Every structure is written in C-alpha cells, then in structure tokens.
Amino acid sequence: MDDRRIIILFVKFPQPGQVKTRLARTVGDEVAVGIYRQLVMRLVRMLRRVDVEEVRICFDPAEKHLEIDRWLRPVWLTMGEEDSAGEEPVNETALVFRPQSTGDLGERLESAFSETFRESEEVGSSAARVIAIGSDCIEIDEGTFQGTWKALETRDVVFGPTADGGYYLIGMNLSHPVLFENIPWSTEKTLETSLKRAGESGLKVAVLDEKNDIDTEEDWHRAKAMLGNGGESSGV
C-alpha cells in the first residue's frame, strides 16, 4: 500500500493539577504526575516498534514545546530495556511535535486530523491513514495499530472502545469533522453518540476490541504489571 501511515499521540505537559486529575484525588498531584509520565513514556517507546511513517506528538499547552521535546525526544531515541537485545534498530519513522489547538476535545481532535491530512498532501502523499490516541490506555500495542490499518482498507473510520463508554483510538482515511461536533466528551455516551453520528453520515465503521483507560487508583493498580521496568518510579 502507498498510503502514508501516521499516528497522533495527544499529550499534556506533566504538571501537577493538570494531568490525571481523577487519579490525583486519591494518590495526590505529584504521584499522579509520576504515573502520567510513565504512561506517556511507555507509549512513546512502544511506538518506536510500530511500522509507521510518522509519529506526531500533539501537546498542550502550546508554550511548553521545548519542555515536551526535551522530555520525549530522548525517550524516542534511546533504546529501552523492552527493546530487543543486540544492535539498536534503525528507526526511520519521523517524530514531529505540534501544539494542540484551543477548544474542547472535539475541536482539538478535528484540528489535529485536518492539519495532519493537509500536511501529508503537501509532502506529496495522495493518501494517508491517520490514527489518534491518548495517553490513558496502557493496553494499546503494535497489534492494535496493525488491526486498525487493516480495517481502514475497507472502512472509513475505526474506533477503539473503552469500558467507560469512550474510546481510546480513532482512525480515519479522510478528515470527517462531523464526528467531533456536539459530542458529549468524557461521558458514558461519547462512543455511542460518535457511532450514531458516523452512521447518519453514511460512514463505514469498524470497532476494535474494548480496552481499559487508567483514570483511577484502582485502574492504575491493575495496569502496573504491564509497565514492567519501562517507566519511572511512581511512588505507589
């Protein structure tokens, strides 16, 4: 396939009081920040092994570009313990950083997809397959992306559902702004409403296996074993 495959990872600058706020209610702001850093670093290391042309870090707030770059670029470039032993693999995937737009989650997602598709066309790619993920789902792996790329061969949009009614992944071949308009974000109706909107728009949809987000201390304790030694000490 000649399609340009791109993954968008949404991240926030790891600042107390600004990330994992539900988790912070029971573990405290500083511990919640440490956990958030682990989740993001685990995903960045995993993305090194995905067969993709570009990984795009969409960060917030916009003025933290330098700090985000200094945090995540070394993670991307440095071999971790989870990588295979022997020579470091040559990673030709482009890592780029783009600030998130303003507005609610829907506006930020729509802007990120539109910008990504537009920039892909500007570099001469007639087609692109773009996947956006957040940093809350520890269960995403290389197989998740392989399944999404495959589904996008015959579907217009792919959703990865979470147990709480949202989604951990959305993939598209073209920008579909209607999927991000007037959606009840961060509720049990998020995915249901998104699927209804896709159906009303005549889009062909694929739904992946359900996975769990990490929003609470209970979620975190269930997920810790999956991190192994790949992150920093969280203090819990």
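Inside the stretch 21-35, can you point out the residues that are in contact (Cβ under 8 Å) with a residue 24 or more places away in the chain and either in contact with a helix residue (DSSP H, G or I) (Cβ under 8 Å, 6 or more places away or on another chain) or β-branched (Val, Ile, Thr) (or both)?
Leu23, Thr26, Val27, Val31, Ile35
Looking at the stretch 60-78, which of its residues are part of a loop (DSSP other than H, G, I, E, B) and at pLDDT below 95?
Once the filter is applied, which keeps residues that are part of a loop (DSSP other than H, G, I, E, B) and at pLDDT below 95, the stretch 60-78 yields only Thr78.
For (1) assigned to a loop (DSSP other than H, G, I, E, B); (2) at pLDDT 95 or above; (3) surrounded by 22 or more Cβ atoms within 10 Å (Cβ to Cβ), each residue gets a yes or a no:
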{"position": "Lys150", "(1), (2), (3)": "no, yes, no"}
{"position": "Arg155", "(1), (2), (3)": "yes, yes, no"}
{"position": "Trp185", "(1), (2), (3)": "yes, yes, no"}
{"position": "Gly199", "(1), (2), (3)": "no, yes, no"}
{"position": "Gly202", "(1), (2), (3)": "yes, yes, no"}
{"position": "Asp209", "(1), (2), (3)": "yes, yes, no"}
{"position": "Ala223", "(1), (2), (3)": "no, no, no"}
{"position": "Met226", "(1), (2), (3)": "no, no, no"}
{"position": "Ser234", "(1), (2), (3)": "yes, no, no"}
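Step by step: first the residues of the stretch 1-38, then only those that are part of a loop (DSSP other than H, G, I, E, B) and among the charged types (D, E, K, R), then the one that is modelled with the lowest pLDDT. Which residue is that?
Among them, the one singled out is Asp2.
Please verify whether the stretch 124-137 includes one or more residues that are of a type in the set (Lys, Arg), buried (at least 17 other Cβ atoms within 10 Å of the Cβ), closer than 20 Å to Ile7 by Cβ and under 15 Å from the mean Cα position of the chain (by Cα).
Checked against the condition, which is being of a type in the set (Lys, Arg), buried (at least 17 other Cβ atoms within 10 Å of the Cβ), closer than 20 Å to Ile7 by Cβ and under 15 Å from the mean Cα position of the chain (by Cα), the stretch 124-137 yields at least one hit.
State which residue pairs qualify: first residue at positive phi and inside the stretch 158-184, second residue surrounded by fewer than 19 Cβ atoms within 10 Å (Cβ to Cβ) and of a type in the set (Val, Ile, Thr) in any location, beta carbons under 8 Å apart, and separation of 6 or more residues or different chains.
Final answer for the pair search is Gly165/Thr187.
Do we find a residue being among the β-branched types (Val, Ile, Thr), part of a helix (DSSP H, G or I) and either crowded, with 18+ Cβ neighbours inside 10 Å or touching a residue at least 12 places away in the same chain (Cβ under 8 Å) (or both) anywhere in the stretch 50-59?
no
Those residues that are aliphatic (A, V, I, L, M), within 17 Å of Phe117 (Cα to Cα) and more than 13 Å from the chain's Cα centre (by Cα), I need them from the stretch 144-174; list them, please.
Selection gives Leu152, Val157, Val158, Met172, Leu174.
So, of the residues in the stretch 102-145 that are assigned to a helix (DSSP H, G or I) and without any contact (Cβ under 8 Å) to a residue 12 or more places away in the chain, which turns out to be nearest to Ser186 (Cα to Cα)?
Only one residue tops the list, namely Ser111.
Take Ala32 and decide whether it is crowded, with 22+ Cβ neighbours inside 10 Å and more than 28 Å from Val158 (Cα to Cα).
When the stated conditions are applied, Ala32 passes them.
The values are calculated or read from the model by the stated rules, or taken from the named source; none is laboratory data. Predicted model only: the values in this text are computed from it and were never measured. Cβ: placed from backbone, ideal geometry, glycine included. Neighbour counts: every protein chain shown.
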